[in-house]
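Participant: Here it is, the structure, as structure tokens.
The values are calculated or read from the model by the stated rules, or taken from the named source; none is laboratory data. What you are looking at is a predicted structure, and each value in this text was computed from that prediction instead of being measured. Virtual Cβ from ideal backbone geometry, glycine too; neighbours counted across all protein chains shown. These area figures cover heavy atoms from the full protein model, side chains too; ligands, DNA and RNA do not enter into them. Shrake-Rupley method; radii C 1.70, N 1.55, O 1.52, S 1.80 Å.
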Amino acid sequence: NEALLQKARKRLSFDELFLIQLSVLQQKKEWDKNPAVSIKFNQELIKDFISKLPFKLTMAQKKSAWAIIQDLEKTSPMNRLLEGDVGSGKTIVALIAVLQVCSNNYQVALMAPTEILAQQHYESALKFLKDFNIKCALLTKSNSKKQNDDIDKNALLKEIEKGEINLIIGTHSLIQDK
């Protein structure tokens, strides 16, 4: 009957979600076996960055940025999803993390799902990080730029490999073998 059918569907849905969650937890346990570099918090730098923004951070942005900064200090890999509506400030939270990592002499790759979004993130990074000596580059299938100037992709890849670029923003091109 209909009642038993609905009950069975609910049970099968639960079983499916349970198995997915179990798989995710097993993967996280595997990832946690790998050490991560501890990124030390530079309070003065982050305060300076925030003070130069043309707007005030929301409480949600502050909480998200702080949670990420705390995770970056740990020696286990961070696994975090930052979600929000368009215009909710995800990019600025990401740039706070970028600045923190770059201030510890590491490079950052920021991957976007589309070329348009990668270009927008690149422009935001150039705008907000201009006073912090962060060398930014863009790498997509059809575009390669460094500090707003076009650059040959192979030349850009060599600069990235040498550690001359602090922040590389792009699409899946960032993880292609070429």
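Participant: Please determine, by comparing only the residues of region 166-178 that are at pLDDT 90 or above and in contact with a Leu (Cβ under 7 Å, 6 or more places away or on another chain), which one is most open to solvent (accessible area, probe 1.4 Å).
Facilitator: Filtering first and then ranking leaves Ile168.
Participant: Filter region 73-98 down to the residues that are outside any loop (DSSP other than H, G, I, E, B) and either of a type in the set (A, V, I, L, M, F, W, C) or in contact with a strand residue (DSSP E or B) (Cβ under 8 Å, 6 or more places away or on another chain) (or both) and list them by number.
Facilitator: The answer is Ile92, Val93, Ala94, Leu95, Ile96, Ala97, Val98.
Participant: Any idea which residue in region 105-141 is most open to solvent (accessible area, probe 1.4 Å), counting only those that are free of Cβ contacts under 8 Å to residues at least 12 places away in the same chain and of a type in the set (D, E, K, R)?
Facilitator: Among those that are free of Cβ contacts under 8 Å to residues at least 12 places away in the same chain and of a type in the set (D, E, K, R), it is Lys130.
Participant: Can you find even one residue in region 105-121 that is modelled with pLDDT of 95 or more, of a type in the set (Phe, Trp, Tyr) and either assigned to a helix (DSSP H, G or I) or under 25 Å from Lys162 (Cα atoms) (or both)?
Facilitator: Yes - at least one qualifying residue is present in region 105-121.
Participant: I'd like to know if region 155-165 contains one or more residues that are under 27 Å from Ser51 (Cβ atoms) and open to solvent by less than 70 Å² (accessible area, probe 1.4 Å). Lay out the reasoning, then the answer.
Facilitator: Just the residues of region 155-165 that are under 27 Å from Ser51 (Cβ atoms), to begin with: 165.
Still in the running and open to solvent by less than 70 Å² (accessible area, probe 1.4 Å): 165.
Yes, that holds for at least one residue.
Participant: Mind counting the residues in region 1-49 that are open to solvent by 100 Å² or more (accessible area, probe 1.4 Å), farther than 30 Å from Ala125 by Cα and at pLDDT below 90?
Facilitator: Residues flagged as open to solvent by 100 Å² or more (accessible area, probe 1.4 Å), farther than 30 Å from Ala125 by Cα and at pLDDT below 90 within region 1-49 amount to 2.
Participant: Looking only at region 130-174, how many residues end up being in a helix (DSSP H, G or I) and within 14 Å of Gln107 (Cβ to Cβ)? Spell out the reasoning first.
Facilitator: Taking region 130-174 first, the residues in a helix (DSSP H, G or I) are 130-132, 153-161, 172-174.
Next, from what is left, pick out any that are within 14 Å of Gln107 (Cβ to Cβ): 156-161, 174.
Count: 7.
Participant: Consider only pairs whose beta carbons are under 8 Å apart and that are at least six residues apart or on different chains; among these, list those whose first residue lies in region 160-171 and is at negative phi and acidic (Asp, Glu) and whose second residue is surrounded by 13 or more Cβ atoms within 10 Å (Cβ to Cβ) and part of a loop (DSSP other than H, G, I, E, B).
Facilitator: Correct list of pairs: Glu164/Lys135.
Participant: Within region 1-46, work out how many residues are touching a residue at least 12 places away in the same chain (Cβ under 8 Å) and either more than 23 Å from Val101 (Cβ to Cβ) or of a type outside the set (S, T, N, Q) (or both).
Facilitator: Residues meeting the conditions: 11.
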